[in-house]
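These notes are about the structure you will find just below.
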Amino acid sequence: MTETHESVFDRAVEAAEFLRGRGFGGAEVAVVLGSGLGAFTEALDEPFQIAYRDIPHWPASAVIGHEGRLVGGLCRGRRVLALSGRVHFYEGHPLTTVTLPMRVIGRLGVPRVILTNAAGGINTRFSQGALMLIDDHINLLGSNPLVGPNDERFGARFPDMSEVYSKRLRASAAEAADGAGISIEHGVYIAVHGPSYETPAEIRAFRTWGADAVGMSTAPEAIVARHMGMEVLGISCITNMAAGVLPEPLHHDEVMETARRVRGQFIALLEGTIERL
């Protein structure tokens, strides 16, 4: 059955009230952790958690590398919510379901969100394992999470997208990277439907459009977060080079292994950025 935006609002409110009653309110920032990047939750002080399946209406992740739990805690003294895993459009969920966690986070009053992902490197200057701050995105999913009747309780019918990814937060992240001695890239992320990896011809086309990295998430969450007035930072971990960049096939195992290899730098970048909020 097709979901209505009215039902999405009701679900978001119910889930937010459920979580608030269990101590998940009052966070200064939420962090969505992409494939293989869930180790950040281990760095939180005073952690407490709940499985996605135990939160009303919250979609459960079924992809390897996405743990499926919400973790609250402190990072450098700041209250944080960490979403260890997400669901994807390619799993068959409507975008209203994919982005429901963002709606819940917004209803909890969280003012800013850091969206992370594992991505394929399109820019041939990038190395495998590089961390890229997302300056902008191209939504090639074939749909938009705001399609359908607009609920003004979430935001305006036509939200401005001229600065999806906050310049202020990008500057803080760049400063954190410099302070930790981490090399950082900047670029444009292109979101595709998946689940098949892209063809070399598609990657060549994306490169001509100005895309630097490709993945199957993030853009819908960023759109919904901005619709609700939240400040957004995006970070891609370049876990593999995109199709055709190197003369070898792509495997999800490679994504997971690279994410494990750079976990220390990734956690240091997040901690330094959150400290500077």
If you go through region 7-47, how many residues are over 18 Å from the mean Cα position of the chain (by Cα), of a type in the set (A, V, I, L, M, F, W, C) and more than 29 Å from R153 (Cβ to Cβ)? 2
Taking F40 and the conditions (1) surrounded by fewer than 20 Cβ atoms within 10 Å (Cβ to Cβ); (2) closer than 24 Å to Y189 by Cα; (3) touching a residue at least 24 places away in the same chain (Cβ under 8 Å), which numbered condition does it fall short on, given that it satisfies the others? (1)
Please work out if G109 is touching a Cys at 6+ places or on another chain (Cβ under 9 Å) and either in a loop (DSSP other than H, G, I, E, B) or closer than 22 Å to F154 by Cα (or both). no
Hey, any hits in region 49-60 for a residue that's surrounded by 15 or more Cβ atoms within 10 Å (Cβ to Cβ), within 18 Å of L141 (Cβ to Cβ) and in contact (Cβ under 8 Å) with a residue 12 or more places away in the chain? yes
So the helices (runs of 4 or more DSSP H) completely within region 130-247 holding 3 or more residues that are closer than 21 Å to S35 by Cα and at pLDDT 95 or above are 219-227
If you go through region 64-74 one residue at a time, do you hit one that is in contact with a Ser or Thr (Cβ under 9 Å, 6 or more places away or on another chain), under 21 Å from L141 (Cβ atoms), surrounded by fewer than 22 Cβ atoms within 10 Å (Cβ to Cβ) and of a type outside the set (A, V, I, L, M)? yes
Go over the candidates G73, G85 one by one and state the one that is modelled with pLDDT under 95 and in contact with an Asp or Glu (Cβ under 7 Å, 6 or more places away or on another chain). G85
Could you pull out every one of the strands (runs of 3 or more DSSP E) wholly within region 35-96 that has 3 or more residues that are touching a Leu at 6+ places or on another chain (Cβ under 9 Å) and under 21 Å from T218 (Cβ atoms)? 69-75, 78-84
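The values are calculated or read from the model by the stated rules, or taken from the named source; none is laboratory data. Because the structure is a prediction, the values reported are computed rather than measured. Cβ coordinates were reconstructed from backbone atoms using ideal geometry, including for glycine residues, and neighbour counts include every protein chain displayed.
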